[in-house]
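Working notes, beginning with the structure itself.
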Amino acid sequence: MNKQKIFTVNCKELYNILDEIKDLLNFNFEFLDIRKISNEDLNESLFLALSKEKSKIEKVLSPNKIIYIENLPITLPKLIEIINIFSLRFNFQSQSEIKIKNYKIDLNNRKISNDKNELRLTEREIEIILFLNNKKTSQNVDSLQTEIWKQKKELETHTVETHIYRLRRKISEKFDDKNFIKSDQNGYFI
């Protein structure tokens, strides 16, 4: 398993300490001088910084990815505990968010949102959206009925159409988007 990368920001002493014990940790540490940030891909990285640097750092980096160390001095076990807890929370949150078109789907809170609005969804609505998004072609009522509802194709029911209709209406009303879930002669698609 790859170790998560954490950059120590503007604190060479902290980096040196962590680098000495790197074999005992679940992280790879690198030093980052905030003044020399390049176009390197830092999207999946976390950052460790002293809270006194907060105003400088948040001008350049995403605040929700920064672990601030506030109360100095700090013991090494306490520092490692803080890093581990932050990393677990960050990974849990990032694994629960999926981007579809101009929307972000939050699986933990069952919400769909864009820059302006958010909408609560049912578990079934999330399943429908994810299923349609993961398919490359239109999905007919039978495939939705089989995969989402786990019902046999021969059953005569309008459950799928009713759920799709309600989901489309909710998204249309909240986001003014009538084209999120589309349909053609073969079925539904995103």
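The values are calculated or read from the model by the stated rules, or taken from the named source; none is laboratory data. Given the structure is predicted, the values throughout are model-derived calculations rather than measurements. Because the Cβ atoms are built from the backbone with ideal geometry, glycine has one as well, and the counts that use them run over all protein chains shown.
Quick look at the numbers
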item: Selected residue (only one of Lys56, Lys65 is free of Cβ contacts under 8 Å to residues at least 40 places away in the same chain, closer than 26 Å to Ile34 by Cβ and surrounded by 12 or more Cβ atoms within 10 Å (Cβ to Cβ)); result: Lys65
item: Qualifying residue in segment 81-91 (condition: of a type in the set (Phe, Trp, Tyr), in contact (Cβ under 8 Å) with a residue 12 or more places away in the chain, under 30 Å from Ser172 (Cα atoms) and touching a strand residue (DSSP E or B) at 6+ places or on another chain (Cβ under 6 Å)); result: no
item: The listed residue being touching a helix residue (DSSP H, G or I) at 6+ places or on another chain (Cβ under 8 Å), surrounded by 12 or more Cβ atoms within 10 Å (Cβ to Cβ) and outside the structural domain of Phe47 (by TED's automatic domain parsing), out of Leu130, Leu107; result: Leu107
item: Yes/no for Phe92 being farther than 18 Å from Ile190 by Cα, exposed (fewer than 12 other Cβ atoms within 10 Å of the Cβ), at pLDDT below 95 and hydrophobic (A, V, I, L, M, F, W, C); result: yes
item: Residue within segment 106-123 that is in a strand (DSSP E or B) and either at pLDDT below 95 or touching a His at 6+ places or on another chain (Cβ under 9 Å) (or both) present; result: yes
